[in-house]
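For reference, the structure is listed below as structure tokens.
The values are calculated or read from the model by the stated rules, or taken from the named source; none is laboratory data. Bear in mind that the values here come from a model prediction, so they are computed numbers and not experimental data. Here the Cβ positions follow ideal geometry from the backbone for every residue, glycine too, while neighbour counts run over all protein chains shown.
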Amino acid sequence: MAGRTLDIKRTKERLACAPYTSNIIKAGALLADTKTLLSHWDVGVSVQENLHRLHRENVFGKASRSRVEDVLAIFRQRYLTETPVTKALVVLVQHRFPAASLDRILYFHAARVDRLLCDVVTELLLPLQARGITDIDVVEVEKTLTTWAREGKTTSSWSHSTIRRVTQGVLSALRDFGVLAGAVNKRIAPAYLPIETFAYVMFYLKQHQPSGAKLIDLPDWQLFFLSHDGLERFLVEAHQQHLLEYHAAGTVIRLTFPVHTLEEYAHVLAQTAH
């Protein structure tokens, strides 16, 4: 009995420090399904009520009940844990925010909660891009994931076939999110970040980090391959388009927005984009 208790304790400890799951196998970018979900979302009722209704009405047209449950679990993780985010995304979808801009916002939120997706971009793709390498070697990605799994960074032991499927899932998701390009032979896509997407991400991050100086140094910007200089150029452009007010004097940075909530800002961005 003592041995079993110790095994359970070790399992819990492993799960607590293991950032990587294989969820990407069950659900990739899911852009079309995400927009369907948000277009049918009722901000006046709870997440659970919405999910029950959407499941009951089968708005996704999925044949398998388990498949729908997998998809809804991913939605909850990515977009439904922060009420301001859910409300803002509903505004953007229902106001037909341009797909190119919305997809990058969805990518941002997905990568923030899926550590594997985030680390593949920041620890694998970013160094390649910095060296001027754009072609993706799938074998090298698999080797890296194998190393991470051996280091105990996964929620369970991954077989070679699981690593292969996870690799395919991650690369396909990043292609759909616009980070990569290519149906078969994938490569890092040219960096593309619409100004409205940048402004949304900046507003979101400022809710979590009020300091302007610390805000532009956050590692989240690596998800878009943005350098410090690139960030400053975007800030100047967003300022010129009246999406925010940006003033810098030495190390002092003042950053303000025309509204106070992410939902209100989504309305501002939706109007600007059309």
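Could you check the stretch 203-231 and list, in sequence order, the residues that are part of a helix (DSSP H, G or I) and touching a strand residue (DSSP E or B) at 6+ places or on another chain (Cβ under 8 Å)?
Within the stretch 203-231, 206, 212, 213, 215 qualify.
Tell me which helices (runs of 4 or more DSSP H) are completely within the stretch 21-123 and hold 3 or more residues being over 22 Å from residue 175 (Cα atoms), or say none if there are none.
In the stretch 21-123, the matching helices (runs of 4 or more DSSP H) lie at 47-57, 65-79, 83-94.
State which residue is modelled with the highest pLDDT when the search covers only the stretch 246-263 and only residues that are among the aliphatic types (A, V, I, L, M) and either surrounded by fewer than 17 Cβ atoms within 10 Å (Cβ to Cβ) or more than 29 Å from the chain's Cα centre (by Cα) (or both).
The qualifying residue modelled with the highest pLDDT is 259.
Listed here are the residues, each with its yes/no results for (1) without any contact (Cβ under 8 Å) to a residue 24 or more places away in the chain; (2) on the phi > 0 side of the Ramachandran plot; (3) not aromatic (Phe, Trp, Tyr).
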site	(1), (2), (3)
64	yes, no, yes
69	yes, no, yes
79	no, no, no
103	no, no, yes
106	no, no, yes
131	yes, no, yes
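Of all the residues that make up the stretch 240-261, how many are touching a Leu at 6+ places or on another chain (Cβ under 9 Å) and of a type outside the set (D, E, K, R)?
Looking only at that region, the number is 10.
Against the condition within 20 Å of the chain's Cα centre (by Cα), within 24 Å of residue 179 (Cβ to Cβ) and either of a type outside the set (Lys, Arg) or at pLDDT below 95 (or both), how does residue 34 come out, does it pass?
Numbers: within 20 Å of the chain's Cα centre (by Cα): yes; within 24 Å of residue 179 (Cβ to Cβ): yes; either of a type outside the set (Lys, Arg) or at pLDDT below 95 (or both): yes.
Yes; evaluated as a whole, the condition is true for this residue.
Considering only the stretch 36-62, how many residues are in contact (Cβ under 8 Å) with a residue 24 or more places away in the chain and of a type in the set (A, V, I, L, M)?
Residues meeting the conditions: 5.
Residues of the stretch 101-142 being surrounded by 14 or more Cβ atoms within 10 Å (Cβ to Cβ), small (Gly, Ala, Ser) and farther than 18 Å from residue 82 by Cβ, which ones?
Correct list: 101 only.
Does any residue of the stretch 171-181 turn out to be surrounded by 17 or more Cβ atoms within 10 Å (Cβ to Cβ), polar (S, T, N, Q) and more than 27 Å from residue 267 (Cβ to Cβ)?
The answer is no; no qualifying residue exists.
Looking at the stretch 157-180, which of its residues are outside any helix (DSSP H, G or I), among the hydrophobic types (A, V, I, L, M, F, W, C) and under 14 Å from residue 107 (Cβ atoms)?
Across the stretch 157-180, the qualifying residues are 177, 179, 180.
For the stretch 137-178, what are the residues that are over 19 Å from residue 74 (Cα atoms) and in contact with a strand residue (DSSP E or B) (Cβ under 6 Å, 6 or more places away or on another chain)?
Within the stretch 137-178, 153 is the sole residue that qualifies.
Output the residue which, of all residues in the stretch 252-267 that are of a type in the set (Ser, Thr, Tyr) and touching a residue at least 60 places away in the same chain (Cβ under 8 Å), is farthest from residue 231 (Cα to Cα).
261
Is it the case that the stretch 141-151 has a residue that's touching a helix residue (DSSP H, G or I) at 6+ places or on another chain (Cβ under 6 Å) and of a type in the set (D, E, K, R)?
For the stretch 141-151, residues touching a helix residue (DSSP H, G or I) at 6+ places or on another chain (Cβ under 6 Å) and of a type in the set (D, E, K, R): present.
Give the stretch 231-247 a look and list any residue that's touching a helix residue (DSSP H, G or I) at 6+ places or on another chain (Cβ under 9 Å) and without any contact (Cβ under 8 Å) to a residue 24 or more places away in the chain, or say none. Steps first, answer last, please.
First, the residues of the stretch 231-247 that are touching a helix residue (DSSP H, G or I) at 6+ places or on another chain (Cβ under 9 Å): 231, 234-235, 237-238, 241-247.
Result: 231, 242, 245, 246, 247.
Scanning for something under 22 Å from residue 26 (Cα atoms) and part of a helix (DSSP H, G or I), does the stretch 127-140 turn up at least one residue?
yes
Would you mind telling me which numbered condition in (1) surrounded by 14 or more Cβ atoms within 10 Å (Cβ to Cβ); (2) small (Gly, Ala, Ser); (3) at pLDDT 95 or above residue 161 fails?
Going through (1) surrounded by 14 or more Cβ atoms within 10 Å (Cβ to Cβ); (2) small (Gly, Ala, Ser); (3) at pLDDT 95 or above one by one, residue 161 breaks only (1).
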